[in-house]
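The values are calculated or read from the model by the stated rules, or taken from the named source; none is laboratory data. Predicted model, so just to flag it, every value in this text is computed and none were measured. In this analysis, Cβ positions are derived from the backbone assuming ideal geometry, glycine residues included, and neighbour counts consider all displayed protein chains. SASA here: full protein model, heavy atoms, side chains in, ligands and nucleic acids out. Shrake-Rupley method; radii C 1.70, N 1.55, O 1.52, S 1.80 Å.
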Amino acid sequence: MKIKFWGTRGSLPAPLTARQVREKVVQALAATRGHTLPVDETQLGTWVDENLPFAVRATCGGNTPCVQICTDGRELVLLDAGTGLRDFAHDYREQMARRTRPAHAISTKYHIFLSHFHWDHLQGLPFFYPLYAPDTEVVFYGGHEKIEEAVRAQFAQPFFPVPYECLKAKISYRQLRPETDEIIAGLRVRLCEQHHPGRSFAYRFEHQGRAVVYATDSEHKHAEVVAPGNPLVSFFSDADLLVFDAMYSLEEATYSKVDWGHSSDVMGVELAARARVKRLALFHHDPHHSDADFEKILFNMRMYAELYHQEMGRRLNGGLKFPTEVLMAYDGLEVEL
């Protein structure tokens, strides 16, 4: 499997402002002092990658949640339908336009798994062009009862000018049951209910011996994380990648934003360690955070993961280190499993 992130922000989109772009340009130019830059553009790109920090040369992006699971199958699998969904659709259409492939080799079936119905996880749907294309099939999945009602609401007047009845794709809906395995698009799928206003669901996908867990929009309190028999530890167990809601700091999650339905980066590290997760991707970023903020958070969480291993790893995992890597999810990140 390969996992590609198309949207990683939480709550609402957060595009870069003109001021933030200017700051990056100034910092990049300042970093060139004392260096002789290559003339060749390819070599210049390599210099940028090797000498500028991520917060200067790139961005975590501003799209709301959408993640793609890529397998060797022809059917497309997407997790949530935030504004990243639009970028995915346009990128896929451009890829297909560049390829000379027979029509039957181009996917016209999309599987979209919804964690819940808050707007940041649905607001890309009206701009998802496959919904307007005939000979296209779109299947929505979720743990909630009224999936169709939630999707239809995104096209309701006066909020969007195109009514749901104008969609030309073949659209269907399937409610999945927690702790029940399903085989969908070649993936073994299971979901688990989480703690979030309005209910949300985490998904576990397995394929050819690899596992990814998508667990966004859930609050994890420390007493619950360390409690014996925590069902989420079992659900996350031995995953190759855990995509985790790390919207808040530990202080925010514990005091100022308690019961808001989101978790902290620290709880992500602790849960990943207890579940023997290989790689942890921090996700559902606070829209107020800058790329510089994310760089600091990632540094701190990598340090915390190392310290947590030194203090707890021997007792929890027989000396083995989990998670082996902490990542900061960003729009465009690809993770091979």
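What is the antiparallel percent of DSSP beta bridges lying wholly in the stretch 117-275, to the nearest 5?
On the way: 15 of 26 bridges.
Expressed as a percentage, antiparallel bridges in the stretch 117-275 total about 60.
Stretching the chain fully between residue 48 and residue 91 yields a gain of 13.0 nm (0.36 nm per residue, less the alpha carbon separation).
Would you work out the Kirkwood radius for the chain? I mean one over the mean of 1/r across all pairs of different Cα atoms, in Å. Could the numbers behind the result be given before it?
Numbers: mean 1/r = 0.0474 Å⁻¹.
Over the chain, the inverse of the mean reciprocal pair distance is 21.1 Å.
Each residue, residue 257 and residue 184, gets one label point 7 Å from its Cα in the Cβ direction; the gap between the two is 2.8 nm. Distance between the 7 Å Cα→Cβ label points at residue 312 and residue 156: 4.2 nm.
For the chain, a crude dipole built from +1 on the beta carbon of Lys and Arg and -1 on the beta carbon of Asp and Glu, taken about the Cα centre, is about 500 debye to the nearest 20. Think of the chain as a dipole: +1 on every Lys or Arg Cβ, -1 on every Asp or Glu Cβ, centred on the Cα centre; then among 285, 78, 301, 78 lies furthest on the positive end.
Give, in nm to one decimal, the length gained when the segment between residue 145 and residue 199 is fully stretched (0.36 nm per residue of separation minus the Cα-Cα distance). Don't skip to the answer; put the middle values down first.
Details: separation 54, 0.36 × 54 = 19.44 nm, distance 1.11 nm.
Roughly 18.3 nm would be gained on extension.
What do you get for Rg/Rh of the stretch 247-337 when both radii come from the Cα atoms and Rh is the Kirkwood radius? Ratio of gyration radius to Kirkwood radius: 0.98. What the Cβ-Cβ distance of residue 320 and residue 289 gives, at R0 = 25 Å and to the nearest 0.05, is a FRET efficiency of 0.20.
Looking at the chain, the DSSP beta bridges with both ends there are about 45 percent antiparallel. Simple point charges give the picture: +1 on the Cβ of Lys and Arg, -1 on the Cβ of Asp and Glu, and for the stretch 253-337 a dipole about the Cα centre of about 600 debye.
A simple spin-label model places the labels of residue 41 and residue 74 3.6 nm from each other, with each point 7 Å out along Cα-to-Cβ. Let me make sure I get this right: for the stretch 48-186, a, b and c are the square roots of the gyration tensor eigenvalues over alpha carbons, sorted descending. Under 1.5 in a/c it's rounded, otherwise prolate if a/b > b/c, else oblate. Which is it? Rounded, since a/c falls under 1.5.
If you run the Gaussian network model on the chain, springs between alpha carbon atoms under 10 Å, then out of 51, 317, 230 the most flexible one is 51. If you sort 94, 23, 206 by accessible surface, 1.4 Å probe, largest first, the order is 94, 23, 206. For the stretch 195-241 versus the stretch 43-93, the spacing of their alpha-carbon centroids is 23 Å. In a GNM of the chain with a 10 Å cut-off on Cα contacts, which of 215, 223, 253 has the highest mean-square fluctuation? Its mean-square fluctuation being the largest, the pick is 223. Hey, how many Å between the Cα centroid of the stretch 260-337 and the Cα centroid of the stretch 11-32? Measuring centre to centre over Cα atoms gives 25 Å. Between the residues 239, 67, 90, the greatest Cα displacement towards the positive end of the dipole of the chain, with unit charges on the Cβ of Lys, Arg, Asp and Glu, is found for 90. Please list, by residue number, everything in the stretch 143-165 whose backbone N is under 14 Å from a paramagnetic label point 7 Å out along Cα→Cβ of residue 175. Residues 143-150 fall inside that zone.
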